[in-house]
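Undergrad: Sharing a structure below in C-alpha cells format, with a few things to ask.
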Amino acid sequence: MENATRYQIDLQIADTVSDVSGHQEVLYTNNEEVPLDEIYFRLFPNISGLILTVTNLTVNGTQLPAILTNQDTAMRVDLPEPLQPGEQTLIAMDFRQQVPREMGGNYGLNIYMDDILALDQFFPIIPVYDENGWEVQDPPINADMLFADEAFFRVRVNAPAGLVLAGSGIEVGSTNGDQRQEVIYIGGPQHDFFLAASPRFESVSRKVGGTTITAYFPGEYRQAGNLVLETAERALNSYNDRFGAYPYTELDLISTPMNAGGMEYSTATSLSLNYFDFSAEAGYQTFLEAVVAHEIAHQWFFNQVMNDQIEEPWLDESLAQYATYLYYLDRYGQSGATQYARSWDDRWENLDEKTIPIGKPAGDYTREEYGPIIYGRGPLFVAALDKQMGDEAFNRFIKSYIDRYRWEIANGREFENLAERTCNCDLSALFTQWVKK
C-alpha cells in the first residue's frame, strides 16, 4: 500500500448547507507497467446532472483544462508528459457543487433533504486502471458506480457550528466556534470517503473488540437507532468470526434520505431514513435489521475485497446477501435464517424465476431484472455453492477468498478457481448453470 493514491481534501460546507466547495490535492503513483498519457477522475454527482464542477486544475503546478467525458461523469486529465511506471504526479483542483434537494440519479444518495446532508462521492476520484485501460463507463441504469483502488485520505471539513458531522475514517482533530467548526478526518486503506451532516443527528455508540460502532439518527428515531446499534454489534461479531477481523477502529451507521435501502462506504454505511419510522408501517424493524447486516457485510465484500461493480455486480452484492443469511443463522438459528432466505425466493419470483445469468454486467439487465437476479437469484447460487462444496470447505473458501484478495481486486473467474482449489472438485457445471448460462 506504500504507493497507494493519497487524497488531501479541504471541504467547505456553506451556511446554506446544500452548497459545498473544496480544494483537493491528489498524489498519484503510476503502479502500472506502462506509461500513462492521461489520468481520469469520476464525477459521480453528475449522474444527476452537471452539478459538480472542477476549476483550477493543475498537474505539478501546470494549469490544464478539465475535459468532461461519459455524460459528464468522468474528467480526463491529459498529462503534460507521460507518467512512467513508478513515477508520481501531484494533481490539484478546486471543486464545487450545489447538492440536490430532491431525489435524483444514483438512488438519491447525494442529497440535502429533511435537514440531512449526505455527500456521496462528492469529490473527483480516480478509477481503476487495468488491462482494459481506465475503467470509465457511462452510468448504467442499475448498480453502484464506484470502482476505485484502495487509497488514503486526509479530509478537513469546515462547516456550520450547528451540524453534527459523521464521516468515514477517524476524527483526529476539531475546533469549535460560535458560527463555524472544523473537523479533520484521516482514513485508509479505503476506496472512498463519505460524509453526512445534520442538526437533527443524535448518536449511540458501543465497542466491539477494538472497533467503536456509532449509529447516527434523528432524535425522534431513537428506538430504530438502538436497533441499528444492536444489529451492528451482532453482525460485526458474526463476520469477524467467519471472515476475519474487521480491520478498522470505527464503523459508522448513518440514517440519510435515499431511494435505496442502504449504501456501503468504507468504514461507514448509510441507511434509508424511511426504515427508521417504526410507526409508519409494520415490518420496518425487520427490513432495517436485514439492511444493516447486508451493508456491514460489504465491509468485507467491497471494502476489503473490491470487484468491478458494473461488470460483475453479483460478486459483492450476492455475497453480501448470503453473509446476511449467515448473520441470521448465527443470531436466530436455522429457522430464522431460513425465514430470511425466503426473501431471495420472493425477489426471484417477481421475475417468474427466469433463469437469467447472475454474471452479466449491470447494464445488461433491465430495471425489472436487476434486483430479482442480483439480490434474489444471486444468493440462491451462493447457497447452492455452499451445499455442493459442503459447509466446512465453503467456509474455508470464503475466508481464503478474503485473505487472498484483501486490499486487491477480484473477479468471478478467480472466485471460481479458488473455490475449485479449496474443495478439490469440479464446479464448472454449477457456475455455468447459475452465473454464465
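The values are calculated or read from the model by the stated rules, or taken from the named source; none is laboratory data. All figures in this text were calculated on a predicted structure; none of them were measured in a lab. Don't worry about glycine lacking a Cβ; one is built from the backbone with ideal geometry, like all the others, and counts go over all protein chains shown. These area figures cover heavy atoms from the full protein model, side chains too; ligands, DNA and RNA do not enter into them. Shrake-Rupley method; radii C 1.70, N 1.55, O 1.52, S 1.80 Å.
Undergrad: Report, to the nearest whole %, how much of the accessible area of the chain belongs to carbon and sulfur atoms, 1.4 Å probe, protein only. Write out the running numbers ahead of the final one.
TA: Details: 7590 of 17330 Å².
So the carbon and sulfur contribution to the accessible surface is 44 percent.
Undergrad: Heavy atoms only, 1.4 Å probe, whole protein assembly: order Y265, Y248 by accessible area, highest first. Show your work: numbers first, answer last.
TA: Numbers: Y265 0, Y248 25 Å².
Most to least solvent-accessible, the answer reads Y248, Y265.
Undergrad: To continue, here is another question. Towards the positive end of the charge dipole of the chain, with charges on Cβ (+1 Lys, Arg; -1 Asp, Glu), say which of I213, N132, A197 has the farthest Cα.
TA: The residue sitting farthest along the positive end of the dipole is I213.
Undergrad: Name the residues whose placed amide hydrogens come within less than 5 Å of the amide hydrogen of R180, ignoring near sequence neighbours (fewer than 5 apart) on the same chain.
TA: Residues meeting the amide H criterion: A161.
Undergrad: Follow-up. Charges on Cβ only, +1 for Lys and Arg, -1 for Asp and Glu, centred on the Cα centroid of the range 275-375; of Q334, A323, I373, which one is farthest towards the dipole's positive end?
TA: Among Q334, A323, I373, the one farthest towards the positive end of the dipole of the range 275-375 is Q334.
Undergrad: Taking H placed 1.01 Å from N in the peptide plane, check which residues at least 5 places from V208 or on another chain put their amide H under 5 Å from its amide H.
TA: I213
Undergrad: Next up: Compute, for the range 308-437, the length of the dipole vector about the Cα centre, with Cβ point charges of +1 (Lys, Arg) and -1 (Asp, Glu) only. Units Debye, rounded to 20. Before the final figure, lay out the partial values.
TA: On the way: 16 positive and 23 negative charges, 39 e Å.
Dipole size: approximately 180 debye.
Undergrad: List the residue ranges in the chain for DSSP H helices whose C-alpha atoms run 15 angstrom or more along the long axis and whose Kyte-Doolittle average is 0.0 or above.
TA: Taking the DSSP H segments of the chain (at least 15 Å long, mean hydropathy at least 0.0), we get 284-297, 378-389.
Undergrad: Classify the range 309-437: rounded, prolate or oblate, from the alpha-carbon gyration tensor (a ≥ b ≥ c, eigenvalue square roots; a/c under 1.5 rounded; otherwise prolate if a/b is larger than b/c)? Kindly include the intermediate steps, with their values, before the conclusion.
TA: Working: a/c = 1.57, a/b = 1.11, b/c = 1.41.
Taking the square roots of the gyration eigenvalues as a ≥ b ≥ c, the range 309-437 is oblate.
Undergrad: Could you tell me whether the range 259-365 comes out rounded, prolate or oblate from its Cα gyration tensor? Rule is a ≥ b ≥ c as square roots of the eigenvalues, rounded for a/c under 1.5, then prolate if a/b exceeds b/c, otherwise oblate. Write out the running numbers ahead of the final one.
TA: Details: a/c = 1.44, a/b = 1.21, b/c = 1.19.
Cα axes put the range 259-365 in the rounded bin.
Undergrad: Specify which residue in the list A166, G177, L146 is farthest towards the positive end of the charge dipole of the range 144-183, using unit charges on the beta carbon of Lys, Arg (+1) and Asp, Glu (-1), about the Cα centre.
TA: G177
Undergrad: Same structure, new question: Using Cα pairs under 8 angstrom and six or more residues apart, how large is the relative contact order of the chain, in percent? Walk me through the numbers on the way to the answer.
TA: Values: 925 pairs, mean separation 53.3, N = 437.
Contact order relative to length: 12 percent.
Undergrad: If you don't mind, there's one more thing I want to ask. Once ligands and nucleic acids are excluded and a 1.4 Å probe is used, how much of R413 is accessible, expressed in Å² to the nearest 10?
TA: Surface accessible to solvent at R413 totals approximately 140 Å².
Undergrad: A further question follows. For the chain, what is the mean residue ellipticity at 222 nm derived from helices alone (per DSSP H run of n ≥ 4: -39500 (n - 2.57); sum divided by total residues; nearest 500 deg cm²/dmol)?
TA: Numbers: 8 runs with 120 residues, N = 437.
Mean residue ellipticity at 222 nm (helix-derived): -9000 deg cm²/dmol.
Undergrad: Right, next: Relative contact order for the range 28-103: what percent, with Cα pairs under 8 Å and sequence separation of 6 or more?
TA: Details: 134 pairs, mean separation 33.9, N = 76.
Relative contact order, the range 28-103: 45 percent.
Undergrad: Among rounded, prolate and oblate, which fits the range 161-219 when a ≥ b ≥ c are the square roots of the eigenvalues of its C-alpha gyration tensor, a/c under 1.5 means rounded, and a/b larger than b/c means prolate?
TA: Numbers: a/c = 1.83, a/b = 1.26, b/c = 1.46.
Cα axes put the range 161-219 in the oblate bin.
Undergrad: About the Cα centre of the chain, how large is the charge dipole given +1 on each Lys and Arg Cβ and -1 on each Asp and Glu Cβ? Please answer in debye to the nearest 20. The partial results should precede the final answer.
TA: Numbers: 30 positive and 64 negative charges, 171 e Å.
Value, rounded to 20: 820 debye.
Undergrad: While we're on this one: Would you pull out the residues with amide H under 5 Å of E250's amide H, same chain only if 5 or more places away, H placed 1.01 Å from N?
TA: T212
Undergrad: Follow-up question, since we're still on this one. Give me the Å³ per residue figure for the convex hull around the C-alpha atoms of the chain. Could you put the intermediate results ahead of the total?
TA: Working: hull volume 60.4 nm³, N = 437.
Cα-based convex hull of the chain, divided per residue, equals 138 Å³.
Undergrad: Residue by residue through the range 51-58, what is 3J(HN,Hα) from phi via Karplus (6.51 cos²θ - 1.76 cosθ + 1.60, θ = phi - 60°)? Round to whole Hz and write x for glycine and proline.
TA: 10, 9, 10, 10, 9, 6, 7, 9
Undergrad: Run the 1.4 Å probe and let me know the accessible area of E392, rounded to the nearest 10 Å².
TA: Roll a 1.4 Å probe over it and E392 shows about 120 Å².
Undergrad: Out of the DSSP beta bridges found with both residues in the chain, what percent are antiparallel (nearest 5)? The partial results should precede the final answer.
TA: Values: 76 of 97 bridges.
Around 80 percent of the beta bridges assigned by DSSP in the chain are antiparallel ones.
Undergrad: So with the 1.4 Å probe, I'd like the accessible area per residue for the chain, rounded to whole Å².
TA: Values: 17330 Å² over 437 residues.
Averaged over the residues of the chain, the accessible area is 40 Å².
Undergrad: For R42, what accessible surface area do you get with a 1.4 Å probe? Give it in Å², rounded to 10.
TA: 10
Undergrad: Using θ = phi - 60° and the Karplus curve 6.51 cos²θ - 1.76 cosθ + 1.60, what whole-Hz ³J(HN,Hα) does each residue of the range 205-211 get, with Gly and Pro shown as x?
TA: Calculated HN-Hα couplings, in order: 10, 7, 9, 10, x, x, 10 Hz.
Undergrad: Cα atoms only, the range 146-283: Rg and Dmax in Å?
TA: According to the Cα coordinates of the range 146-283, Rg and Dmax are 15.3, 47 Å.
Undergrad: Out of the range 32-130, which GluC sites (Glu not before Pro) are coil in DSSP terms and have no more than 15 other C-beta atoms within 10 Å? Could the numbers behind the result be given before it?
TA: Details: sites: E32, E33, E38, E87, E102; in loops: E32, E33, E87, E102.
Taking the range 32-130 and a limit of 15 other Cβ atoms within 10 Å, the loop GluC sites (Glu not before Pro) found are E32, E33, E87, E102.
Undergrad: Then there's this: Apply the Karplus parameterisation 6.51 cos²θ - 1.76 cosθ + 1.60, with θ equal to phi minus 60°, to every residue of the range 146-163 and state each ³J(HN,Hα) to the nearest whole Hz, in sequence, with x for glycine and proline.
TA: Those phi angles translate into 5, 9, 9, 6, 4, 8, 10, 10, 10, 10, 10, 10, 10, 8, x, 5, x, 8 Hz.
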